1. If amide hydrogens are placed 1.01 Å from N in the peptide plane, which non-local residues have theirs closer than 5 Å to the one on Leu212?
2. Using the Cα centre of the range 86-140 as the reference point, and only Cβ charges (+1 on K/R, -1 on D/E), how large is the resulting charge dipole? Debye, rounded to the nearest 20.
3. Restricting attention to the range 47-132, which GluC sites (Glu not before Pro) occupy a DSSP loop and are surrounded by at most 15 other Cβ atoms within 10 Å?
4. Taking 0.36 nm per residue of sequence separation and subtracting the Cα-Cα distance, how much length would be gained by fully extending the chain between Glu133 and Val51, in nm to one decimal?
5. Name the long-range amide H neighbours of Val129: under 5 Å, sequence gap of 5 or more, or other chain; modelled H, no Pro or chain starts.
6. Amide H neighbours of Val104 under 5 Å, counting only residues 5+ apart in sequence or on other chains, H built in-plane at 1.01 Å?
7. Return the whole-Å distance between the Cα centroid of the range 87-105 and the Cα centroid of the range 59-74.
Amino acid sequence: MRLVMMSLLVCGLTTGACGRTNTGLDQSIGKPDPSSKKTVAAVKEPAWREVTIPAGTPLPIVLDTTVGSDTSSVEQPVEAHLARAVLLDDQIVLPEGSRVSGVVTDATRSAKVKGLAHIAIRFDTIAPVGVGEHYSILTSAVSRTAAATKEKDALEIGAPAAGGALIGALLGGKKGALIGTAVGGGAGTAVVLSTSGKEIHLPTGATLTLRLLQPVTVRIGG
């Protein structure tokens, strides 16, 4: 009988202990970890929004590629970057250093007598710094034409003509002067015909200003 009572007492004590242990486990199940909210907040992606840059906005750029009327060809790639940030409502929409890409659209070498050297570029893509995207843009073309050399040509024609007149006068009076002028003028013209004009170049580091012909929508942080 004593053994039975002892067994029941031990069993009761064990059951109570087990009951208290189970209750503690049940209460701990389903409780949120206080650090989990911090973890979610840490991995939250930054907010982005879209803004539209209007047509007519100037884009100041610096060339990273040298182009020239006598060294470039049509469709040659040209690279540049924004010289300073572009702002819209006092907020940066295109950061300084954003990459701008385009191609040569015309490269005409200087011709003899007629035809001045000419170079033209059009930029069609911009890649803002820190975004990882690029956008198509439509901009005004950048073109340069070599200066005319009419005054120099006139000197090259006139000086030999005057020299020919002087020689003709020494040889045969007024009639000789006329013949000498014709001969001298012809020699001067030959000099111009055999000489090409100046070429035009836009070196690396040259500053240019583009202008958007159509609006462009970009993504910015914040």
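1. Gly56, Thr57, Leu59
2. 660
3. Filter output for the range 47-132: Glu75, Glu96.
4. Here the answer is 28.1 nm.
5. Correct list: Ser98, Arg99.
6. So Val104 has HN proximity to Glu75, Gln76, Val78.
7. So the separation of the two Cα centres works out to 17 Å.
We did not get these values from a lab; they are worked out from the coordinates using the rules stated. Being a predicted model, the structure only gives us computed values, none of them experimental. Backbone-built Cβ (ideal geometry, glycine too); neighbour counts: all protein chains shown.
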